[in-house]
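Read the structure below first, then the notes.
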């Protein structure tokens, strides 16, 4: 992954215009007025307190799962199992939320979050150890663990943690375990702030600490080629870095699941569907595998999603159109060859140099 | 060269090619006459590779014209270059190891029999015919995995001839060869020219330029510095054109004054990655104040020996005693802390992480220490100061230390490695192929640094396949062949020919 540059902005811009063009065609042939739909879409994404809050609320798990992806890629591991960690973390956050009855608000929420992080993290221990000590591809093991996670939480919600005789669900979490919702018209809750803090904290740790340096030196840019010879040559314990990175990645996945339960759903039920763990991989790549990039890309992504939901709610346009458009956009943004082919234009090179200097 | 023939085979006029931040070719004019051996010399990053990549259709120039056989052409892809009769032998061979020579040569253009299947007999006989015609001794049925580097190279040359190349571009062809193999290659080149081919020979070894070429073009900083008939010039003059100043072809140094022993290797046995014995019962010692050289053709156990000494590869048997302590089972970091630095032969994957910024690579051995970091938090100010100091001291040419290391030229990447390794003031520096892919000006600087380390009372173990390098820099030289030391020599008492024999495992 190359460094972020002006070319990327240009491609994003061009991609957006082309995507809008395609949307125009799609909407026209299905009998809608594109201009009106576009206006609704924009309104749903970023206009008005309620819509903005909803966009931010949707962004919370994306921020965390994209950063989980960033961390795993940076140590050279391709973790596809973040979704599994989300389920596990969510389930145990719910369990801790109803189980501990005599705690104050702050201790109880903290405990629930800690348990979500720890369980999500431990979920990744097996693939990490298998990779480092037996050479089992983490791609395979984490994909498999996603299925295991879904079946496991579904069993737990149906069996040991089941409370409701009619529906397979855990009891509702206690009020002391809830992440606070501040506004009556939105589910926006304090989990968003946790996610933003995590983004900046991850940036700081990766870039500014020796621990982060050790994590990155082994795997940066080497997903699929881990372990690099560079870190063993310098005597940096790359095995330890790889395992730690996977555990952090899983922990962030667990945190995403926990916040979804403590802030939004408030109980865990069998039909609960998480897919932010997968989207997080795409978002992380759009964000150039940087924590702050992941944060920005998550907000962008959520605005599009929320705009789509708004259109879906207000009109007959099917929400699948939004998914199609998002996919086209991702296509452009991740087209590295297109990005580098822009270098043939002189003005692009000039602007690139200009912005690079500005950043320094 | 046939003097009365003035037809040109290749002519480029006013070629300019820029990459972000550098102009690799700046209004280059380059002319090769039909039937000549034309040497193209210059430091790494001088623009030679870019120029031949443009000729071979790998890169497109920003502006300028190309003429092949006096006709203007546009070479927009490799296929087009091949169609025009241009062939290129890259520095890294592009061969399928499990295929035979003939299969590699015919790949993509296999002759078909009447039923549409590949006609292997036809292919094999055609290959041996071409091979015979040009004196290229290659068995068409030999699998490349079993072939020596010299044979692989000849196969590459045959590949271009099979595609009817008339203009052959050889990119640093002698870098991987023994002196004997180099002589054989030169005979092949001469017979190619006798048969009417034109050869463009890229190198930075001036001795070879003098020996083989008819004319020579020198490049520096993307510009052509001069074109001359080889017989009218001298190595000193060419070197001056290449680096833009006088260079000393010999390393200036005084007699070594070795003191106490710093490294002792006793009866060392090491296996390679495939589990085969690579180092067999090898013993050597290195003293403070001397440079010990290990000469030998690549792949005779040097890699495994160095990796075992630096802690990257387990030893099977034997002892490694460093500064009075046994170190064969301690980690690379502990060896570094004890004062053992290592410049690895593979800088792209081992010595550096090219995806990291320059400063990140420069602090790889010291980031965890004050003042670069305190309590686990990196002090960016101190790190940047430290990096800029090293950048200045070792003359690393870069716009800044926040640049991705992979974007530097090979020579500058190597300077990053050396700067980092020497910044710790080590007792012993193991330098493995320290000047591979590095240009003359920087080679000189690196050699000087090695001698300086020695003169400051520290030790150097220099492993190199570059015979000139070992002979001029080292004070004592061990010749390694198939994992064993064939002979210890004093570089002053032995000539190249004798060394060539030792390197081939022949001892008197």
Review point. Angle, helix B:440-455 long axis vs. longest principal axis of chain B, Cα atoms, 0 to 90°, nearest 10?
Key: 20 degrees
Review point. Using the eigenvalues of the Cα gyration tensor, what equivalent ellipsoid semi-axes result for region A:139-239 when each is taken as the square root of five times the eigenvalue, whole Å, largest first?
Key: 39, 24, 11
Review point. Tell me, how many Å apart are the Cα centres for region B:245-317 and for region A:234-308?
Key: 49 Å
Practice item. For region B:440-460 and region A:154-219, compute the distance between their C-alpha centroids and round to whole Å. Key: 56 Å
Study note, to complete from the structure: Percent of all alpha-carbon pairs of region A:79-223 at distances over 19 Å, whole number, is 65 percent
Check your understanding: Taking region A:243-307 as the region of interest, what is the percent of Cα-Cα pairs per 10 angstrom bin, listed from the shortest bin to the one with the maximum distance?
Key -> 19, 46, 31, 4
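Compute the Kirkwood hydrodynamic radius of the protein assembly as shown, taking the inverse of the mean of 1/r over all pairs of distinct Cα atoms, and give it in Å to one decimal.
On the way: mean 1/r = 0.0322 Å⁻¹.
Final number for the Kirkwood radius of the protein assembly as shown is 31.0 Å.
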Practice item. For region B:37-105 and region B:114-144, write down the distance between their C-alpha centroids in whole Å. Key: 24 Å
Point to revise | Three semi-axes of the equivalent ellipsoid, region B:1-130, Cα gyration tensor, whole Å, largest first | key: 33, 19, 15
Exercise for review: Compute the relative contact order of chain A as a whole-number percentage, counting only Cα pairs closer than 8 Å that sit 6 or more residues apart in sequence.
Suggested key: 34 percent
Check your understanding: When you look at the Cβ of every residue in B:347-359, what mean number of other chain Cβ atoms sits within 10 Å?
Key -> 4
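Just checking the output field for A:203-215: average partner chain Cβ neighbours within 10 Å of each residue's Cβ?
On the way: counts 0, 1, 2, 0, 3, 7, 6, 11, 5, 3, 10, 2, 0.
Counting other chains' Cβ atoms within 10 Å and averaging over A:203-215 gives 4.
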Point to revise | chain A: most fluctuating residue of A:288, A:131, A:39 per GNM, C-alpha cutoff 10 Å | key: A:39
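Just need the Rg to Rh number for chain A, please, alpha carbons only, Kirkwood Rh.
Details: Rg = 21.4 Å, Rh = 21.5 Å.
Rg/Rh: 0.99.
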Check your understanding: So what does log10 I(q)/I(0) come out to for region B:8-243 at q = 0.07, 0.12, 0.18 Å⁻¹, using the Debye formula with one equal point on every Cα and no solvent?
Key -> -0.23, -0.67, -1.37
Practice item. Quick one: Debye curve from the alpha-carbon atoms of region B:351-425 only, equal weights, vacuum; give me log10 I(q)/I(0) at q = 0.28 Å⁻¹ to two decimals. Key: -1.42
Review point. Against the longest alpha carbon principal axis of chain B, how many degrees, from 0 to 90 and to the nearest 10, is the axis of helix B:120-133 turned?
Key: 80 degrees
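Return the percentage of antiparallel bridges among DSSP beta bridges fully within the protein assembly as shown, rounded to the nearest 5 %.
On the way: 49 of 86 bridges.
Taking every DSSP beta bridge within the protein assembly as shown, about 55 percent pair in antiparallel fashion.
Translational diffusion coefficient of chain B at 10 °C, 1.306 mPa s, Stokes-Einstein with Kirkwood Rh over Cα pairs, in µm²/s as a whole number.
Working: Rh = 24.6 Å.
D, rounded to a whole number, is 65 µm²/s.
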Exercise for review: For chain A, set up a Gaussian network in which alpha carbons nearer than 10 Å are linked by springs, and say which option among A:63, A:139, A:80 fluctuates the most.
Suggested key: A:139
Point to revise | Dimensions (Å) - region B:397-468, Cα atoms, principal axes, largest first | key: 34, 28, 17
Exercise for review: Using just the helices of chain A, give the 222 nm mean residue ellipticity in deg cm²/dmol: DSSP H runs with n ≥ 4 each add -39,500 (n - 2.57), and the total is spread over all residues, rounded to 500.
Suggested key: -23000 deg cm²/dmol
Revision key, fill the gap. Rounded to whole angstroms and listed largest first, the alpha-carbon spread of region B:465-508 along its three principal axes comes to 23, 18, 16
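Can you sort B:38, A:105, B:386, B:90 from fewest to most other Cβ atoms within 10 Å of each residue's own Cβ? Spell out each step's value before the answer.
Numbers: B:38 25, A:105 13, B:386 20, B:90 16.
So the ranking, lowest neighbour count to highest, is A:105, B:90, B:386, B:38.
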Check your understanding: Could you list log10 I(q)/I(0) for region A:26-129 at q = 0.16, 0.18, 0.20, 0.21 Å⁻¹, which the Debye formula gives when each Cα is one point scatterer?
Key -> -0.86, -0.94, -1.01, -1.06
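Within a 10 angstrom radius of each residue's Cβ in B:363-372, how many Cβ atoms of other chains show up on average? Whole number is fine.
Working: counts 3, 8, 4, 0, 7, 5, 1, 0, 0, 1.
That average works out to 3.
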Review point. Using helices alone, what [θ] at 222 nm do you get for chain B, with -39,500 (n - 2.57) per DSSP H run of 4 or more residues, divided over all residues and rounded to the nearest 500?
Key: -9000 deg cm²/dmol
Review point. For the residues A:211, A:161, A:188, what sequence is obtained by ranking on other C-beta atoms within 10 Å, fewest first?
Key: A:211, A:161, A:188
Point to revise | Percent antiparallel among DSSP beta bridges (both partners in chain B, rounded to 5) | key: 55 percent
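Could you list A:124, B:88, B:210 in order of exposure, starting from the residue whose Cβ has the fewest other Cβ atoms within 10 Å? Present the calculation step by step, with values, prior to reporting the outcome.
Values: A:124 32, B:88 25, B:210 16.
Ordered by Cβ neighbours within 10 Å, fewest first: B:210, B:88, A:124.
For region B:351-425, what relative contact order do you get, as a whole percent, if you take Cα pairs closer than 8 Å and at least 6 residues apart? Can you show the working numbers first?
Values: 83 pairs, mean separation 32.8, N = 75.
It comes to 44 percent, rounded to a whole number.
Just need the relative contact order of chain B here, percent rounded to a whole number, with Cα pairs under 8 Å and 6+ apart.
Numbers: 1028 pairs, mean separation 75.1, N = 508.
So the answer I get is 15 percent.
So what is the diffusion coefficient of region B:129-231 in µm² per second by Stokes-Einstein at 4 °C and 1.567 mPa s, using a Kirkwood Rh over Cα pairs?
Details: Rh = 14.7 Å.
So the translational diffusion coefficient is about 88 µm²/s.
Which translational diffusion coefficient, to the nearest whole µm²/s, is obtained for region B:58-129 from the Stokes-Einstein equation, given a Kirkwood hydrodynamic radius over C-alpha pairs, 37 °C and 0.692 mPa s? Walk me through the intermediate numbers first.
Details: Rh = 15.0 Å.
Stokes-Einstein gives a translational diffusion coefficient of 219 µm²/s.
Taken together, the values in this text are just the output of simple stated rules run on the coordinates, not laboratory data. None of the values given here were measured: they were computed from a predicted structure. Quick reminder, even Gly has a Cβ in these numbers, built from the backbone with ideal geometry, and neighbours come from all protein chains shown.
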